[in-house]
1. Is it the case that residue 14 is among the β-branched types (Val, Ile, Thr), open to solvent by less than 70 Å² (accessible area, probe 1.4 Å) and modelled with pLDDT under 95?
2. Would you mind telling me which numbered condition in (1) among the hydrophobic types (A, V, I, L, M, F, W, C); (2) open to solvent by 50 Å² or more (accessible area, probe 1.4 Å); (3) in a helix (DSSP H, G or I) residue 53 fails?
3. How many residues does region 24-36 contain that are outside any helix (DSSP H, G or I) and open to solvent by 80 Å² or more (accessible area, probe 1.4 Å)?
4. Quick one: which of 21, 39, 11, 57 is in contact with an Asp or Glu (Cβ under 9 Å, 6 or more places away or on another chain) and not hydroxyl-bearing (Ser, Thr, Tyr)?
5. Starting from region 1-14, take each residue that is without any contact (Cβ under 8 Å) to a residue 40 or more places away in the chain and of a type outside the set (S, T, N, Q) and list its partners that are surrounded by fewer than 17 Cβ atoms within 10 Å (Cβ to Cβ) and not in a strand (DSSP E or B), counting only C-beta distances under 7 angstrom and pairs at least six apart or across chains.
6. Which of (1) in contact with a Gly (Cβ under 9 Å, 6 or more places away or on another chain); (2) in a loop (DSSP other than H, G, I, E, B) is the odd one out, the single condition residue 39 does not satisfy?
7. When the residues of region 37-49 are narrowed to those that are within 18 Å of residue 1 (Cα to Cα) and open to solvent by 40 Å² or more (accessible area, probe 1.4 Å), which ends up nearest to the chain's Cα centre (by Cα)?
Amino acid sequence: MPNVVEVKVGLHCVDCIKKILKAIKKIEDIETYDVDTQLNKVIITGNVNTEQVIKVLQKIGKSASAWEPEARSG
């Protein structure tokens with residue numbers, strides 16, 4: 001069963017997004033990927049883990065971290 005990896009990364013401009021997508025596409029064993037520019041979030045499904053994705057993004061000079069869900073008060 002594939003993993004779902006969610007990573008927070010700065011998606012500031014079209015060029016940043018293109019660079020990130022190009023790097024993600026090179027990761028082996030990914031099935032799907034999605035970019036949420038509003039949340040600065042990349043979601044990848046496949047035989048990958050969070051550390052792999054973060055390393056790939058760091059190689060292209062992007063600061064990336066594991067997605068932390070917002071704490072809801074109430």
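1. So residue 14 fails the test.
2. (2)
3. 6
4. Going through 21, 39, 11, 57 in turn, just one is in contact with an Asp or Glu (Cβ under 9 Å, 6 or more places away or on another chain) and not hydroxyl-bearing (Ser, Thr, Tyr): 11.
5. Once the first residue is without any contact (Cβ under 8 Å) to a residue 40 or more places away in the chain and of a type outside the set (S, T, N, Q) and sits in region 1-14, its partners that are surrounded by fewer than 17 Cβ atoms within 10 Å (Cβ to Cβ) and not in a strand (DSSP E or B) give 11/17; 11/37; 11/40.
6. With respect to (1) in contact with a Gly (Cβ under 9 Å, 6 or more places away or on another chain); (2) in a loop (DSSP other than H, G, I, E, B), residue 39 is out only on (1).
7. Per the stated criteria, the residue is 43.
The values are calculated or read from the model by the stated rules, or taken from the named source; none is laboratory data. It should be emphasised that the depicted structure is a prediction, and the values quoted were computed from it without experimental measurement. A quick note on method: Cβ atoms are made from the backbone with ideal geometry, for glycine too, and the neighbour counts reach across all protein chains shown. For accessibility, only protein heavy atoms count, side chains too; no ligands or nucleic acids. Shrake-Rupley method; radii C 1.70, N 1.55, O 1.52, S 1.80 Å.
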